[in-house]
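Student: One structure coming up, written as structure tokens, with questions to follow.
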Amino acid sequence: PGIRQPAPQPAFIDQVSTYLNGHHNTIVLVWFLIICARSIQLGVGLYGTYRLKHVRVSPIKDRWPERMQQLAQTLGIRRTIALLESGLAKTPMMIGCLKPVVLIPVGLITSLSQAEVEAILVHELAHIQRRDYLVNLLQNLMEIVFFFNPAVLWVSSMIRAERENCCDDLALAYDINKTTYIRALVSCEEFLAASVPPPPGAMAFQ
């Protein structure tokens, strides 16, 4: 009698496919629960953004609101933008899409020069011009749905970094001195030190 050949082993892809088909109900349930947890996390972050916009804020009564509108018109922004001083924000940030608000931490404006304040305002106005608030929200939703895909998360982190770089470039293109801009960044980092990071919906100056 001839020697019997061993049965061929299924390919690795076939093994994975068989496992997924056999456990698809459990996999879908785990995926759904993780999405629910991350959605709750995003909701908490958006609520934190809402609180930043409405709690412990006061209008800045100096000439800066008028100056910010002049800067906005120069950048082609026609909407009215509120400039508020915040007791909760630890760094300048922009919040909102339809009714955008620029928040400045209490005491920051008085500690900066006029050129440094203008550099910060132009950076935040660049976020408004680019509609980064809405893009960032859509980005967070994509990260929730595709949390399991490292490529999507990596691309998303690159988009965030490039978003800030683009706003920096727009600020410098507005004839902001590079040294002044760096000083403004350093001053904001000092305010941000030892504080919690901004919620996911906010466009922080960094």
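The values are calculated or read from the model by the stated rules, or taken from the named source; none is laboratory data. Everything numeric here is computed off the predicted structure, so don't read it as measured data. Every residue, glycine among them, receives a Cβ derived from its backbone with ideal geometry; neighbour counts consider all protein chains shown. When the accessible area is computed, the model is the full protein with side chains, heavy atoms only, and any ligands, DNA or RNA have been set aside. Shrake-Rupley method; radii C 1.70, N 1.55, O 1.52, S 1.80 Å.
Student: Taking S58 as meeting all but one of (1) in contact (Cβ under 8 Å) with a residue 24 or more places away in the chain; (2) surrounded by 17 or more Cβ atoms within 10 Å (Cβ to Cβ), write down the number of the exception.
Tutor: (2)
Student: Quick check on my filter: what residues within region 76-90 are surrounded by 22 or more Cβ atoms within 10 Å (Cβ to Cβ) and either within 19 Å of R183 (Cα to Cα) or free of Cβ contacts under 8 Å to residues at least 12 places away in the same chain (or both)?
Tutor: none
Student: So, one more: So, in region 20-44, exactly how many residues are closer than 23 Å to Q139 by Cα and in contact with a helix residue (DSSP H, G or I) (Cβ under 8 Å, 6 or more places away or on another chain)?
Tutor: The initial filter retains those residues of region 20-44 that are closer than 23 Å to Q139 by Cα, namely 28, 30-44.
Next, from what is left, pick out any that are in contact with a helix residue (DSSP H, G or I) (Cβ under 8 Å, 6 or more places away or on another chain): 35, 38-39, 42.
Summing the residues that are closer than 23 Å to Q139 by Cα and in contact with a helix residue (DSSP H, G or I) (Cβ under 8 Å, 6 or more places away or on another chain) in region 20-44 gives 4.
Student: Counting only residues that are surrounded by 12 or more Cβ atoms within 10 Å (Cβ to Cβ), among the hydrophobic types (A, V, I, L, M, F, W, C) and modelled with pLDDT of 80 or more, how many does region 165-202 have?
Tutor: Counting residues in region 165-202 that are surrounded by 12 or more Cβ atoms within 10 Å (Cβ to Cβ), among the hydrophobic types (A, V, I, L, M, F, W, C) and modelled with pLDDT of 80 or more gives 9.
Student: Give me the pairs, please: first residue somewhere in region 166-188 and part of a helix (DSSP H, G or I), second residue anywhere and loosely packed, with under 14 Cβ neighbours inside 10 Å, beta-carbon distance under 7 Å, and either six or more positions apart or on two chains.
Tutor: L172/K178; S187/S111
Student: Here is a follow-up. Mind checking which residues of region 111-142 are open to solvent by less than 50 Å² (accessible area, probe 1.4 Å), within 24 Å of F32 (Cα to Cα) and in contact (Cβ under 8 Å) with a residue 60 or more places away in the chain?
Tutor: Result: N136, N140.
Student: Out of region 155-164, which residues are of a type in the set (S, T, N, Q) and open to solvent by less than 50 Å² (accessible area, probe 1.4 Å)? So that I can check it myself, show each step before the final result.
Tutor: Here is the first cut: in region 155-164, the ones of a type in the set (S, T, N, Q) are 156-157.
Scanning region 155-164 gives a single hit, S156.
Student: Out of the residues in region 144-154 meeting the condition of being open to solvent by 70 Å² or more (accessible area, probe 1.4 Å) and part of a helix (DSSP H, G or I), tell me which one is farthest from I34 (Cα to Cα).
Tutor: Within region 144-154, the match that is farthest from I34 (Cα to Cα) is W154.
Student: Right, here's the next one. Name, by its number, the condition in (1) exposed (fewer than 12 other Cβ atoms within 10 Å of the Cβ); (2) in contact with a His (Cβ under 6 Å, 6 or more places away or on another chain) that does not hold for M94.
Tutor: (1)
Student: Just checking: which of the strands (runs of 3 or more DSSP E) contained wholly in region 71-143 hold 2 or more residues that are touching an Asp or Glu at 6+ places or on another chain (Cβ under 8 Å) and modelled with pLDDT of 90 or more?
Tutor: Details: elements: 82-86, 93-95, 101-105.
Passing ranges, in order: 93-95, 101-105.
One line per residue, one yes/no per condition, for (1) of a type in the set (A, V, I, L, M); (2) out of contact with any strand residue (DSSP E or B) (no Cβ under 7 Å at 6 or more places or on another chain):
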| site | (1), (2) |
| --- | --- |
| R38 | no, yes |
| T49 | no, no |
| Q69 | no, yes |
| Q73 | no, yes |
| S86 | no, no |
| M93 | yes, no |
| P100 | no, no |
| V117 | yes, yes |
| N140 | no, yes |
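Student: Tell me, which residue of region 41-55 that is open to solvent by 90 Å² or more (accessible area, probe 1.4 Å) and not aromatic (F, W, Y) is farthest from the chain's Cα centre (by Cα)? Even if it seems obvious, please write down each step before you answer.
Tutor: Applying the first criterion (open to solvent by 90 Å² or more (accessible area, probe 1.4 Å)) to region 41-55 yields 41, 44, 47, 50-51, 54.
Next cut, not aromatic (F, W, Y) only: 41, 44, 51, 54.
Details: Q41: 15, V44: 15, R51: 16, H54: 19 Å.
It comes out as H54.
Student: Let me ask something additional. Show the residue pairs that are 6+ apart or on different chains and have beta-carbon atoms under 7 Å apart, the first residue being within region 22-41 and over 13 Å from F147 (Cα atoms) and part of a helix (DSSP H, G or I), the second being at pLDDT below 90 and open to solvent by less than 100 Å² (accessible area, probe 1.4 Å).
Tutor: The qualifying pairs are I27/L20.
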